[in-house]
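> Before we start, here is the structure in question, set down as structure tokens.
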Amino acid sequence: VQLQASGGGLVQAGGSLRLSCVASGRVSVYAMGWFRQAPGKEREFVSGISWSGRNTYDAAFLKGQVTISRDNAKNTMYLQMNSLKPEDTAVYYCAASRVYTEVVVRTANDYDYWGQGTQVTVSS
């Protein structure tokens with residue numbers, strides 16, 4: 001399985017972006033998620049979704065600001081981000097877990113496949 005993240009870019013504070021993560025293989029039964037890593041900081045969990053899409057979880061510091069979704073027919077996961085702030089600037093990574101299915105996975109070590117990341121830059 002290979003993951004390709006896209007949709008990042010430069011946006012002004014208060015703006016929105018929609019990230020996409022396309023899988024080359026079949027990930028419809030995998031739990032998936034988004035992480036981010038800012039310069040000089042550790043990678044942190046952003047949002048996760050179960051294989052069916054029925055279960056989702058957003059990091060507390062982003063609740064109400066992001067919406068995660070997936071379209072298994074297209075092998076694609078999305079992250080809609082609104083009201084972006086300069087502190088949201090980071091490289092955003094998508095990931096898939098072949099072990100976990102109908103749960104939300106919040107720990108990076110529990111993911112098996114990672115995308116290359118897409119840069120999100122929010123200007124003030």
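The values are calculated or read from the model by the stated rules, or taken from the named source; none is laboratory data. What you are looking at is a predicted structure, and each value in this text was computed from that prediction instead of being measured. Cβ coordinates were reconstructed from backbone atoms using ideal geometry, including for glycine residues, and neighbour counts include every protein chain displayed. Note: areas computed on protein heavy atoms with side chains; ligands, DNA, RNA excluded. Shrake-Rupley method; radii C 1.70, N 1.55, O 1.52, S 1.80 Å.
> Going through the stretch 91-115 one residue at a time, which ones are free of Cβ contacts under 8 Å to residues at least 24 places away in the same chain and open to solvent by less than 40 Å² (accessible area, probe 1.4 Å)?
The answer is none; no residue qualifies.
> Could you go through the stretch 4-17 and let me know if any residue there is in contact with an Asp or Glu (Cβ under 7 Å, 6 or more places away or on another chain) and open to solvent by 50 Å² or more (accessible area, probe 1.4 Å).
Within the stretch 4-17 (the criterion being in contact with an Asp or Glu (Cβ under 7 Å, 6 or more places away or on another chain) and open to solvent by 50 Å² or more (accessible area, probe 1.4 Å)), the answer is no, since none of the residues qualifies.
> Filter the stretch 60-90 down to the residues that are aliphatic (A, V, I, L, M), farther than 23 Å from G25 by Cβ and in contact (Cβ under 8 Å) with a residue 40 or more places away in the chain and list them by number.
The initial filter retains those residues of the stretch 60-90 that are aliphatic (A, V, I, L, M), namely 60, 62, 66, 68, 73, 77, 79, 81, 84, 90.
So of that shortlist, the ones also farther than 23 Å from G25 by Cβ come out as 60, 62, 66, 81, 84, 90.
Correct list: M81, L84, A90.
> Look at the stretch 82-103 and say how many of its residues are assigned to a loop (DSSP other than H, G, I, E, B) and modelled with pLDDT of 95 or more.
Qualifying residue count, the stretch 82-103: 5.
> Looking for something assigned to a loop (DSSP other than H, G, I, E, B), among the polar types (S, T, N, Q), within 22 Å of V1 (Cα to Cα) and at pLDDT 95 or above - is there at least one such residue anywhere in the stretch 26-35?
Looking for residues that are assigned to a loop (DSSP other than H, G, I, E, B), among the polar types (S, T, N, Q), within 22 Å of V1 (Cα to Cα) and at pLDDT 95 or above, one finds none in the stretch 26-35, hence no.
> Moving on. Find the residue count for the stretch 34-85, including only residues that are touching a helix residue (DSSP H, G or I) at 6+ places or on another chain (Cβ under 9 Å) and either open to solvent by less than 60 Å² (accessible area, probe 1.4 Å) or closer than 19 Å to V11 by Cα (or both).
Number of matching residues: 11.
> Tally up the residues in the stretch 20-33 that are of a type outside the set (D, E, K, R), farther than 10 Å from C94 by Cβ and open to solvent by 60 Å² or more (accessible area, probe 1.4 Å), please.
The number of residues fulfilling the criteria is 1.
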